[in-house]
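The values are calculated or read from the model by the stated rules, or taken from the named source; none is laboratory data. Quick caveat: nothing in here was measured; it's all calculated off a predicted structure. A quick note on method: Cβ atoms are made from the backbone with ideal geometry, for glycine too, and the neighbour counts reach across all protein chains shown. Surface accessibility is based on the protein's heavy atoms, side chains included, excluding ligands, DNA and RNA. Shrake-Rupley method; radii C 1.70, N 1.55, O 1.52, S 1.80 Å.
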Amino acid sequence: METVKLTINGTEIEAPAGKTILEVVRERELDAIPTLCHSNELEPYASCFLCVVEIKGRPNLVPACATRVA
């Protein structure tokens, strides 16, 4: 499986390609990202925008529940 190198809150990690930011953060216990609309049983919907995160180089915030690591 392909992996992606990324830095979250100053911690450099490798994560499987295709996982969402929210999945990676929760699995590694790197932070507590709150959600309202996220459910493990459903596809990411990103409707509540409570889980927005900042990505270096992007002009706006993105929902962690629907944004895949890259």
Using a 4.7 Å Cβ cut-off, which Cys residues in the chain lack a partner cysteine? CYS51, CYS65
Under the Karplus curve 6.51 cos²θ - 1.76 cosθ + 1.60, θ = phi - 60°, whole-Hz ³J(HN,Hα) for segment 28-40, x wherever Gly or Pro sits: 8, 6, 8, 5, 10, 8, x, 9, 10, 9, 6, 9, 4
Lys, Arg +1 and Asp, Glu -1 on Cβ, resulting dipole of the chain about Cα centre, debye, nearest 20: 220 debye
Can you list residues from other chains, or at least 5 along the same chain, whose modelled amide H is less than 5 Å from the amide H of THR67? ILE21, LEU22
Can you give me the accessible area per residue for the chain, using a 1.4 Å probe, in Å²? 72 Å²
Carbon and sulfur %, accessible surface of segment 2-70 computed with the full protein complex present, 1.4 Å: 48 percent
Report, to two decimal places, the Cα Rg of the chain normalised by 2.2 N^0.38 Å (N = number of residues). 1.05
